[in-house]
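Contents: one structure, followed by commentary.
The values are calculated or read from the model by the stated rules, or taken from the named source; none is laboratory data. These figures come from a predicted structure and were not determined experimentally. A quick note on method: Cβ atoms are made from the backbone with ideal geometry, for glycine too, and the neighbour counts reach across all protein chains shown. In case anyone asks, the SASA skips ligands and DNA or RNA and just uses the protein heavy atoms, side chains included. Shrake-Rupley method; radii C 1.70, N 1.55, O 1.52, S 1.80 Å.
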Amino acid sequence: TGYFVLVAFAFNLLWFVACRDKGILLETVPQSVVQSIRRNQMTGLCCNLVITAVACFYPLAALGLSFIMLIFWGTVTQQTNE
């Protein structure tokens, strides 16, 4: 779970830089999409931080929460792409 926190943090950092510098993202990307991605990634980072804290005391519960997040994000991503 700590690995997920590091990956989420790194992606958020890259996304922040990409959004700040207007030359990196395509001009055709709507601001609503940028905000949606930012919101989803911050939500994921917060959830991963909570799961990492839970893992210190209840490792099996953290594993279950990680699996639930996997299903949730897979569902959200599929609905967004349709």
Check your understanding: How many residues does the stretch 24-45 hold that are among the basic types (Lys, Arg) and open to solvent by less than 100 Å² (accessible area, probe 1.4 Å)?
Key -> 1
Review point. Is at least one residue of the stretch 34-44 among the charged types (D, E, K, R) and closer than 19 Å to Gly74 by Cβ?
Key: yes
Check your understanding: Just a yes or no: is a residue in the stretch 49-62 over 16 Å from the mean Cα position of the chain (by Cα), among the β-branched types (Val, Ile, Thr) and loosely packed, with under 14 Cβ neighbours inside 10 Å?
Key -> no
Practice item. Looking only at the stretch 13-23, decide whether some residue is at pLDDT 85 or above, surrounded by 10 or more Cβ atoms within 10 Å (Cβ to Cβ) and in contact with a Phe, Trp or Tyr (Cβ under 8 Å, 6 or more places away or on another chain). Key: no
